[in-house]
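The values are calculated or read from the model by the stated rules, or taken from the named source; none is laboratory data. Quantities reported herein were computed from a predicted structural model and do not represent experimental measurements. With ideal geometry, Cβ positions are generated from the backbone for all residues, glycine too; neighbour counts draw on all protein chains shown. The area values use the complete protein model at the heavy-atom level, side chains included, leaving out ligands, DNA and RNA. Shrake-Rupley method; radii C 1.70, N 1.55, O 1.52, S 1.80 Å.
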Amino acid sequence: MGANAKAGKLNLAVLISGGGSNLQAIIDACKDSDFPAKVQMVISNTPGAQGLTRAKNAGIPAITIDHKNYDTRQDFEEALTDALSGHDIDLICLAGFMRILTPGFIAQWPRKIINTHPSLLPKFGGEGMYGMRVHQAVLDSGEQYSGSTIHYVIPEVDKGEIIIQKQVDIHSDDTAETLAKRVLASEHIAYPEAIKQIALKSGF
Ligand code: GAR
């Protein structure tokens, strides 16, 4: 450890909505004792999300906060804040979390929320650009490359500072589904790398 190194690891809260394959990549990276971060908790806004099972299998506390049970975004986010508090969270990782966070919530966690997006931002980002829609838009536009971006979250959707990008080739016979698979594999490499970079910069 360097002179500025803190004891312990960067504590992560991973927020998911679905399959949680990025969560799995982060959990797997954390199994290496040299990896400078640890998944402290997982929160899903979708009951029954596959990612919740991945967390439980890894022995990580996982809870559901179903946004449908709240009248407003602010009410949902208050529940999120309550759940996060007291867990010594250093970094919130959005991993396929399909809710837009309000500026008020983001302001509580300055440069402490990061996200993965399945395109080479700033291309094919913004509100409404998520999941399969992104890949179809990339194919429709005749791009030669796509990829993934890990970035800081700011109130402007998908506009925060880029931490890491991974480029993937587009094949002439690609469908949105085949491209999505290749891009997702690149996210699984990029996300742990980005977390490691932040942890090391923070002295962990
Ligand atoms: C990932 O491709 C992620 O980039 C995307 O959802 C997928 C989640 O996969 N997120 C967005 O489109 C948000 N803008 P996972 O649940 O298997 O990690």
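Side notes on the structure shown:
- Charge dipole of the chain about the Cα centre (unit charges at C-beta), most positive-ward option of Ile195, Ile163, Pro118: Ile195
- Residues with amide H under 5 Å from that of Ile163, placed H, sequence gap 5 or more: Ile150, His151, Tyr152
- Between helix 21-30 and the chain: long-axis angle, C-alpha atoms, 0 to 90°, nearest 10: 50 degrees
- Helix 176-201 and the longest principal axis of the C-alpha atoms of the chain enclose an angle of approximately 30°.
- Span from the the range 64-98 Cα centroid across to the the range 130-204 one, whole angstrom: 23 Å
- The stretch between Asp66 and Arg133 holds 21.7 nm of extra length on full extension. This uses 0.36 nm per residue minus the Cα-Cα distance.
- Expressed to the nearest 5 percent, the antiparallel share of DSSP beta bridges inside the chain is 40 percent.
- Computed about its Cα centre, the charge dipole of the chain is approximately 520 debye, with only Lys, Arg, Asp and Glu carrying charge at their Cβ.
- Ranking Val14, Ile43, Ser33 by how far each Cα lies toward the positive end of the dipole of the chain (charges on Cβ) leaves Ser33 at the top.
- Accessible area expressed per residue, the chain, with surrounding protein chains retained (probe 1.4 Å, Å²): 50 Å²
- When a 1.4 Å probe is rolled over the protein heavy atoms, the share of accessible surface on the chain that falls to carbon and sulfur comes to 50 percent.
- Tilt relative to the chain, helix 73-84 - C-alpha long axis, 0 to 90 degrees, to 10: 50 degrees
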